[in-house]
Amino acid sequence: MKKKLKRIFLTGLAVVIPAGLTIYILSFIMGMMDNLLQVIPKQYQPDNLLHVHIPGLGAIVTVILIFVCGLVTTSYLGNRLVRFGEHLVGKIPFVRSVYQAIKRIADSLFMDKAQSFKKVVLIEYPRRGIYSIGFVTGTPNGEIQKTIGQKSPCVGVFMPLALTPTTGFFIMVPRDELIELRMTVEEAFTLIISAGIVTPTDHLFAGNETSIPNKEGLLPLQNPDGAIGTVKNNLKEKV
């Protein structure tokens with residue numbers, strides 16, 4: 001009886017915790033977006049005009065505002081205004097550095113101007129024989145490549161920390177020492193956040209559940225010109 005009650009309680013926890021945390025996080029984000037409406041003059045705020053509070057209205061207004069900004073920016077006049085504003089920001093020493101860094105990150109993540117966080121790789125880190133998961137962030141410039149002096153071009157990789165993947169460190173690794181995985185970025189983050197408890201589905205050898213790939217069976221990282229190296233399909237049977 002005691003074991004049965006314990007099992008029922010743990011089953012309830014497995015259901016309540018994910019649902020509760022998801023609702024809490026969504027409520028927190030919605031609350032932050034609703035607070036953005038406070039910048040509107042009090043007499044024109046939706047709560048005062050409608051005489052009722054509508055949860056999530058801030059999120060709707062934010063999405064519409066983002067869409068309108070994107071629509072205006074894609075026009076010729078809007079693009080000129082944005083460039084003029086960036087030119088003015090570029091005249092302010094400290095603000096210029098912060099803005100340009102954030103803009104480059106946003107362009108890489110949302111505008112497909114780079115392959116940042118598009119590839120999941122395995123690296124023998126912190127020593128040979130021990131593997132860590134990282135995300136390709138880009139290719140360092142020529143000065144860094146020349147200073148490092150590696151025969152193979154180096155690639156920038158972000159190494160997230162388990163449980164808190166938003167923090168981590170940046171390293172530069174020779175391209176031929178990286179092993180590219182087919183798992184998505186979302187699956188890799190899930191694996192890291194759960195500290196390996198939740199593992200993604202094997203994408204390398206779909207439909208062959210009786211075998212697992214060894215190191216040679218993984219995909220090598222693509223070259224800068226997009227060419228893909230030879231893929232070896234060496235397998236070892238599960239014990």
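Taking only segment 164-181 into account, find how many residues are touching a Phe, Trp or Tyr at 6+ places or on another chain (Cβ under 7 Å), open to solvent by 80 Å² or more (accessible area, probe 1.4 Å) and more than 16 Å from residue 145 (Cα to Cα). Can you show your working first?
First, pick out the residues of segment 164-181 that are touching a Phe, Trp or Tyr at 6+ places or on another chain (Cβ under 7 Å): 165, 168, 170.
Checking the rest, the ones that are also open to solvent by 80 Å² or more (accessible area, probe 1.4 Å) come to 170.
Keeping just the survivors that are more than 16 Å from residue 145 (Cα to Cα) gives none.
The total comes to 0.
Which is basic (Lys, Arg) and under 29 Å from the mean Cα position of the chain (by Cα), of 104, 80?
Step by step, each of 104, 80 is checked, and only 104 is basic (Lys, Arg) and under 29 Å from the mean Cα position of the chain (by Cα).
If the Cβ limit is 9 Å and pairs must be 6+ apart or interchain, which residue in segment 51-70 that is at pLDDT 85 or above pairs with which residue that is among the small types (Gly, Ala, Ser) and assigned to a helix (DSSP H, G or I)?
Correct list of pairs: 69/78.
So is residue 32 within 28 Å of the chain's Cα centre (by Cα) and open to solvent by 100 Å² or more (accessible area, probe 1.4 Å) or not?
Values: within 28 Å of the chain's Cα centre (by Cα): yes; open to solvent by 100 Å² or more (accessible area, probe 1.4 Å): yes.
Here the answer is yes, as residue 32 does meet what is asked.
Restricting to segment 183-201, what's the tally of residues that are farther than 12 Å from residue 133 by Cα and over 14 Å from the mean Cα position of the chain (by Cα)?
Going through segment 183-201 one residue at a time, the tally reaches 6.
Being within 17 Å of residue 163 (Cβ to Cβ), surrounded by fewer than 16 Cβ atoms within 10 Å (Cβ to Cβ) and polar (S, T, N, Q) is the filter here; which residues of segment 182-197 pass it?
194
Taking the condition surrounded by 14 or more Cβ atoms within 10 Å (Cβ to Cβ), assigned to a strand (DSSP E or B), in contact with a strand residue (DSSP E or B) (Cβ under 6 Å, 6 or more places away or on another chain) and at pLDDT 85 or above, does residue 133 pass? First the steps, then the outcome.
Details: surrounded by 14 or more Cβ atoms within 10 Å (Cβ to Cβ): yes; assigned to a strand (DSSP E or B): yes; in contact with a strand residue (DSSP E or B) (Cβ under 6 Å, 6 or more places away or on another chain): no; at pLDDT 85 or above: yes.
No; evaluated as a whole, the condition is false for this residue.
Let's see how each residue does on (1) out of contact with any strand residue (DSSP E or B) (no Cβ under 8 Å at 6 or more places or on another chain); (2) open to solvent by 50 Å² or more (accessible area, probe 1.4 Å); (3) of a type outside the set (A, V, I, L, M):
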{"residue": "70", "(1), (2), (3)": "yes, no, yes"}
{"residue": "104", "(1), (2), (3)": "yes, yes, yes"}
{"residue": "121", "(1), (2), (3)": "no, no, no"}
{"residue": "154", "(1), (2), (3)": "no, no, yes"}
{"residue": "162", "(1), (2), (3)": "yes, yes, no"}
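Can you tell me which residue in segment 37-68 is least open to solvent (accessible area, probe 1.4 Å), limited to those that are β-branched (Val, Ile, Thr) and in a loop (DSSP other than H, G, I, E, B)?
40
The values are calculated or read from the model by the stated rules, or taken from the named source; none is laboratory data. Predicted model only: the values in this text are computed from it and were never measured. FYI the Cβ positions are ideal-geometry reconstructions off the backbone, even for glycines, and counts take in every protein chain you see. These area figures cover heavy atoms from the full protein model, side chains too; ligands, DNA and RNA do not enter into them. Shrake-Rupley method; radii C 1.70, N 1.55, O 1.52, S 1.80 Å.
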